[in-house]
1. Using the 10 angstrom Cβ neighbour count as an exposure proxy, how do A:161, A:253 rank, fewest first?
2. How many angstrom separate the Cα center of segment A:142-176 from the Cα center of segment A:82-121?
3. Which whole number gives the average, over all residues in A:101-108, of C-beta atoms from other chains lying within 10 Å of the residue C-beta?
4. Need one value for B:93-100: mean number of C-beta atoms belonging to other chains within 10 Å of its residues' C-beta atoms.
5. What ranking do A:80, B:102 get, fewest neighbouring Cβ atoms within 10 angstrom at the top?
6. Taking segment A:206-257 as the region of interest, what is the percent of Cα-Cα pairs per 5 angstrom bin, listed from the shortest bin to the one with the maximum distance?
7. Just grab the label-to-label distance for residue B:112 and residue A:218, each label 7 Å out from Cα along the Cβ direction, in nm (one decimal).
8. Can you give the FRET efficiency for residue B:86 and residue B:119, using 1/(1 + (r/R0)^6), R0 = 22 Å, r = Cβ-Cβ distance, to the nearest 0.05?
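A short reminder: the numbers here are calculations on the coordinates, not readings from a lab. All figures in this text were calculated on a predicted structure; none of them were measured in a lab. As a convention, Cβ positions derive from the backbone with ideal geometry for all residues, glycine included, and neighbour counts pool all protein chains shown.
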């Protein structure tokens, strides 16, 4: 795991467990990154200020690099994001089964709804007067949501019948992690990954969550709250043996309605 | 048990799964029909839920088979797939569960309910279940 001061980690079944988040006020107080710097960082999937520190965990870095590459290379299949955005604009009427009945499309719709909710909140708080991040910020997050929402690996659940198999898909778990993180005030999940052989029962895994913090929110408590929320959701909805949940604060967000990537 | 009977059973199983506490959606496994035809030796039937349901359309399209009673603009009817071979009967379905429920517990409850119903059908050989949770949330 990393010594990144913005990374909060650690989970051994005890939610009061140790955290790697720094107590140094100089490091836990978020600073505003300029639009150019944010754009460069997001283009690489990393905040430049955090990239070196985030890269010292080989497995995590590999997972993130793979995700970044996959986001770039992923074919545009399934229901288009534009169609999902239009459907949300129309109040989800008339009912569209291609979206509502498709787990991947539904996960994207829910993520977009949460992102827009944050944007609206920021507008009402008049935070939008401060420098804004790259125009592609939401679009970048949504491209990751789109990839993460795919079914992925099948994670076994205990069955009471020998020949009956029960699973939860990796896509469902990633959606769960994202929803847990987004539900924490001031946090937005940029990406998440489950590291480990989840297809094997009782395999030990770690969870990596990269978030963006709302400008003005203390980073360490925010990261801790996200970690606890993710742990709670994973305990409730899966049987994963989670060794740790690493939360990395990648950037600070300040959105307005002109910087929503067209979504 | 002919295809029509199996199809009605699939509809019934879909309804049973949908009414299990904690389940918010039931749907067919994408590609289910085609995959089963390739994988199962001695296959005798592949069906999806609903009157006149056809396994390939239900499984591959995810919206075929069942749903004939649903309005075009409303949620699709719950769909499960049934594969019947000379050696076994395999029920396949995907579900979404409520974020307020326990996913693993809901999955086991659905399995108990469906296997209990299948046990009442003496014509079905070695019934078993393949269930996935594909979503967690309020909708």
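1. Lowest count first: A:161, A:253.
2. Distance between centres, Cα-based: 21 Å.
3. Numbers: counts 12, 6, 11, 2, 0, 6, 4, 0.
Mean partner shielding for this stretch: 5.
4. Values: counts 0, 6, 2, 5, 3, 1, 7, 1.
Taking the mean over all residues of the peptide, I get 3.
5. Numbers: A:80 13, B:102 16.
Lowest to highest Cβ neighbour count: A:80, B:102.
6. Percent of Cα pairs in each bin: 4, 20, 26, 19, 14, 9, 5, 2, 0.
7. With each label point 7 Å from Cα toward Cβ, the separation is 4.5 nm.
8. Working: r = 19 Å, r/R0 = 0.88.
Efficiency, rounded to the nearest 0.05: 0.70.
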